[in-house]
Amino acid sequence: MLDILRRIVQDINATRDLSEALNLIVVEVKAAIHTDVCSVYMTDHTRGEHVLMATDGLRPGAVGKVRLKLGQGLTGLAATRAEPVNVDNAPAHPAFRYIAATGEAPFRGFIGVPIVRRRKVFGVLVSQQREQRKYTADEESFLVTLAAQLAGCINQAEIRQALERLDDDALSGTLFLEGVASARGLAIGEAVVVFPATALDRVPDKDIDDPEAEASRFRQAVAAELAELQRLSERMRLLLAAGDRALFDAYGLLLSSDSLVNGTLERIIAGNWAPGALRATVLEYANIFAEMDDPYLRERAADILDLGQRLLDRLQEEQVVNRHYPDHTILMGEEISVSQLLDVPPEKLKGLVSVRGTGTSHVALLARGLGVPAVFGVSNLPPGRLNGREVAVDGYTVRVCIQPSSALRQEYLKLIAEEAELSRGLQHLRDLPAETLDQHRLELHANSGLFADIAAARNSGVQGVGLYRSELHFFLRDRFPGEEEQATIYTRVLRIMEPHPVVLRTLDVGGDKPLPYFPISEQNPFLGWRGIRISLDQPDLFKTQLRAMLRAGAVYPNLAILFPMIGGVGELSEALDLLRCSEVELREDGVPVRTPRVGIMVEVPSAVYQIDRLVRMVDFVSVGSNDLTQYLLAVDRNNDRVAKLYDPLHPAVLLAIRQVVEGGQAAGKPVGVCGEMAGDPASALLLMAMGVDSLSMNLGSLLKIKWMIRSIRYEATQDVLAEAMRMDNAAAIREHANTFLDQQGLSSLLRVGK
């Protein structure tokens, strides 16, 4: 049986498409277990049906036409239970459902084995026998093993496409689809489906006779694109806050970076034409970013690809199609690029929906800045069939409603009006402190990595920058930036935010996010050479950065330095020694030095257990909630197989953070939290109750978190926290915290509707 199983799997992997694979499966399985019928039903979760997709033994004409409701018949029973159903006399079973179109009347023996991947049923593998008999344990084991293999071979997108091909008729009735949280809000409008332009990765290499002329052509394209970005920035000036226009600065920075432009020019001078040189350079750097662990940096890969596509369009002088956009446009596609978003007049863009994408992409950031709801990661979305249809986007429940009923449409319109009223009502909080009704105060800070982010923070009423990712400036170069370059950057950042504090995190790179010119390849980069470990092993690079930060701090007094990935006292002692050494060197060079505040990021469990000793060595502590959650739960949040297990409200995470807070309080040192927890209302509530001193978050969440803080009593949060700490699972804790927010009249933080 093992040899047969291996052969079938090999044959499946060699097929060209899903239809061919399924037809091969039914033939080979039927022969392997000597049965009369073998069929495969695929599950269409969108419509709530099991569809007959392939058979050997039933009527061929039934393929694609026979559909069972979820849970219907013995096939549906196997899917519902997510376990095999093996009966010797199918017609006598209470769940049996006879379907005349299949011609299955003569068959009595039945076994249905669910095809399951990551807790989701993809379909059911069915075998049937004329005579009354139960399939043997060996046969059942064979089918179960094969189904498990099939689940790994079959791509969900292929299933969706195959189901679409079976039914090209217009959608009927209301259809609900689910995605991942991207940008909150509500919208209703007409779907406009966009498709990618000529793919950058398809551009071939081509030898040229005049490299200088080709280089000139490329420089002209870069100059034209810079001018266009400036025009777009001006167009958005009245619609977006300065920080939300950071994208244009980011693109401008990329266009003027050594990595992208000079890398392309070097390839052109070497004899490749501009499009081919651009493709090679863009893909090189996009791949580097795409493999990084940090979600913020990983999403920059999409920015590089999008900018590369824009430049390619200019080089190839492609004609831009002037599309018609309705007044209430819901932009929809497999993956929406920044360019496609910017092509829509801002006053007409009401929502975004895509198959791929995350809440940390620049498209999502722009959507939040524009106040446009977005739902990405809608894996079962059939965009090709939805153009022109009415669509409702619900960024709160993370659902997309296709063709809402009249009653549902009216409800959405009512909620949209309420949401607009709420947004207007929060603007007055901009310059007010984040203080509870009983005068407990927190500091609200911004996370940042770009100059424009800093400018936005300055104009948004934040009390400082809690995390500035210094590594971004390293990624945009083809070498390590020198002391002068870094000092200029850090000085500018401090100047923009003065007098508010700015926490500059030292270089945080590694195998999970390697620099283009400093590659690191490891089997397990999450547990490898990264963060402070690299800095300590490369003291020359580390001291260069520290000297640059100290020089900036000598000009502006609002500097704080943060060491990432500290795992113990030894590492912190070494880092502090190098900092003091850098101070001495600068003084010896005649440079005035002002000793900055110094802190550590608590993001590995060992730091939690040593917090009492660590906190006495620094001025403040910042909890990196994203990595701390990942390490405590042993869950890679970027691995979709286990991502559902990642939850910062897990009791173990809350216990760890409370221990850090208590350690800080005992030493009289402030403790802050940065990461996704800070901008989540339920998490922020519990963190405040623990006594956290500051929260550092995305600017889009700031006013809502401030509203939450100013609407409740700190004393009341103590009871909420006490009850939460007695609970044993994250879902219960979140429900408990959200219930409290509901009771305080803050339900709009969680969903629209009063």
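The values are calculated or read from the model by the stated rules, or taken from the named source; none is laboratory data. Source: prediction; values computed, not measured. Cβ coordinates were reconstructed from backbone atoms using ideal geometry, including for glycine residues, and neighbour counts include every protein chain displayed.
Residue check: is H50 closer than 21 Å to A148 by Cβ, assigned by TED's automatic domain parsing to the domain that holds L150 and in contact with a helix residue (DSSP H, G or I) (Cβ under 9 Å, 6 or more places away or on another chain)? Spelling it out, H50 is indeed closer than 21 Å to A148 by Cβ, assigned by TED's automatic domain parsing to the domain that holds L150 and in contact with a helix residue (DSSP H, G or I) (Cβ under 9 Å, 6 or more places away or on another chain). Going through the stretch 71-88 one residue at a time, which ones are out of contact with any His (no Cβ under 7 Å at 6 or more places or on another chain) and farther than 21 Å from D138 by Cβ? Of everything in the stretch 71-88, those that are out of contact with any His (no Cβ under 7 Å at 6 or more places or on another chain) and farther than 21 Å from D138 by Cβ turn out to be G71, Q72, G73, L77, T80, R81, A82.
Checking the stretch 684-698 against the condition returns no match, with no residue being hydroxyl-bearing (S, T, Y) and more than 29 Å from the chain's Cα centre (by Cα). Each residue in the stretch 121-139 was checked for being in contact with a helix residue (DSSP H, G or I) (Cβ under 8 Å, 6 or more places away or on another chain) and surrounded by fewer than 13 Cβ atoms within 10 Å (Cβ to Cβ), and 0 pass. Within the stretch 188-235, if we keep just the residues that are modelled with pLDDT of 90 or more, in contact with a helix residue (DSSP H, G or I) (Cβ under 9 Å, 6 or more places away or on another chain) and closer than 22 Å to K348 by Cα, the residue that is surrounded by the most Cβ atoms within 10 Å (Cβ to Cβ) turns out to be A191.
Only residues that are of a type outside the set (G, A, S), crowded, with 22+ Cβ neighbours inside 10 Å and closer than 22 Å to F176 by Cα: list them for the stretch 66-78, please. Hits for the stretch 66-78: nothing passes.
Somewhere in the stretch 40-55, is a residue without any contact (Cβ under 8 Å) to a residue 24 or more places away in the chain and acidic (D, E)? Checked against the condition, which is being without any contact (Cβ under 8 Å) to a residue 24 or more places away in the chain and acidic (D, E), the stretch 40-55 yields at least one hit. Output the number of residues of the stretch 708-729 satisfying the condition of being surrounded by fewer than 20 Cβ atoms within 10 Å (Cβ to Cβ) and in contact (Cβ under 8 Å) with a residue 40 or more places away in the chain. Residues meeting the conditions: 9. Sort out which residues of the stretch 53-73 are part of a strand (DSSP E or B) and touching a helix residue (DSSP H, G or I) at 6+ places or on another chain (Cβ under 8 Å), and write them in order of number. Once the filter is applied, which keeps residues that are part of a strand (DSSP E or B) and touching a helix residue (DSSP H, G or I) at 6+ places or on another chain (Cβ under 8 Å), the stretch 53-73 yields M53, A54, T55, D56, L68, K69. The residues of the stretch 461-488 that are part of a helix (DSSP H, G or I) and touching a strand residue (DSSP E or B) at 6+ places or on another chain (Cβ under 7 Å), listed by number, are F474, F475.
Of everything in the stretch 435-460 that is of a type in the set (D, E, K, R) and part of a helix (DSSP H, G or I), the residue that is modelled with the highest pLDDT is R458.
Residue check, T629 against (1) modelled with pLDDT under 95; (2) closer than 26 Å to H500 by Cα; (3) buried (at least 23 other Cβ atoms within 10 Å of the Cβ), all met but one. Which one? Of (1) modelled with pLDDT under 95; (2) closer than 26 Å to H500 by Cα; (3) buried (at least 23 other Cβ atoms within 10 Å of the Cβ), only one is false for T629: (2). In the stretch 54-65, the qualifying residues are those that are at pLDDT below 90 and in contact with a strand residue (DSSP E or B) (Cβ under 8 Å, 6 or more places away or on another chain), and the one that is surrounded by the most Cβ atoms within 10 Å (Cβ to Cβ) is V63. In the set (1) under 21 Å from I25 (Cα atoms); (2) under 23 Å from the mean Cα position of the chain (by Cα); (3) modelled with pLDDT of 75 or more, the condition left unmet by V144 is number (2). Consider the stretch 79-98 and keep the residues that are assigned to a helix (DSSP H, G or I) and in contact with a Lys or Arg (Cβ under 7 Å, 6 or more places away or on another chain). The one that is surrounded by the fewest Cβ atoms within 10 Å (Cβ to Cβ) is P91. From the set of residues in the stretch 473-491 that are among the charged types (D, E, K, R) and farther than 20 Å from A560 by Cα, which is modelled with the highest pLDDT? Selected residue: R479. Could we say that L515 is of a type outside the set (D, E, K, R) and surrounded by fewer than 15 Cβ atoms within 10 Å (Cβ to Cβ) here? When the stated conditions are applied, L515 does not pass them. Scanning the stretch 128-138 for residues that are polar (S, T, N, Q), over 16 Å from L22 (Cβ atoms) and under 31 Å from the mean Cα position of the chain (by Cα) turns up nothing. Do we find that V569 is modelled with pLDDT under 95 and touching a helix residue (DSSP H, G or I) at 6+ places or on another chain (Cβ under 9 Å) in this structure? In short, no.
The combined condition, being under 23 Å from N729 (Cβ atoms) and free of Cβ contacts under 8 Å to residues at least 60 places away in the same chain, is fulfilled by Q659. Among the candidates D647, D627, the residue that is under 30 Å from R356 (Cα atoms) and not in a helix (DSSP H, G or I) is uniquely D647. Out of the stretch 566-575, which residues are in contact with a strand residue (DSSP E or B) (Cβ under 7 Å, 6 or more places away or on another chain) and either part of a helix (DSSP H, G or I) or of a type in the set (S, T, N, Q) (or both)? Across the stretch 566-575, the qualifying residues are L572, A575.
Within the stretch 576-608, count every residue that is part of a helix (DSSP H, G or I) and free of Cβ contacts under 8 Å to residues at least 12 places away in the same chain. Residues meeting the conditions: 5. Tell me, which helices (runs of 4 or more DSSP H) lie completely within the stretch 655-731 with 1 or more residues that are of a type in the set (S, T, Y) and touching a helix residue (DSSP H, G or I) at 6+ places or on another chain (Cβ under 6 Å)? Because the criterion is at least 1 residues that are of a type in the set (S, T, Y) and touching a helix residue (DSSP H, G or I) at 6+ places or on another chain (Cβ under 6 Å), the helices (runs of 4 or more DSSP H) in the stretch 655-731 that meet it are 681-690, 714-724. Taken over the stretch 101-129, residues that are within 14 Å of D56 (Cα to Cα) and assigned to a loop (DSSP other than H, G, I, E, B) amount to 3.
Name the residue that is farthest from E471 (Cα to Cα), counting only residues in the stretch 486-505 that are of a type outside the set (A, V, I, L, M, F, W, C) and surrounded by fewer than 22 Cβ atoms within 10 Å (Cβ to Cβ). The residue in question is P499.
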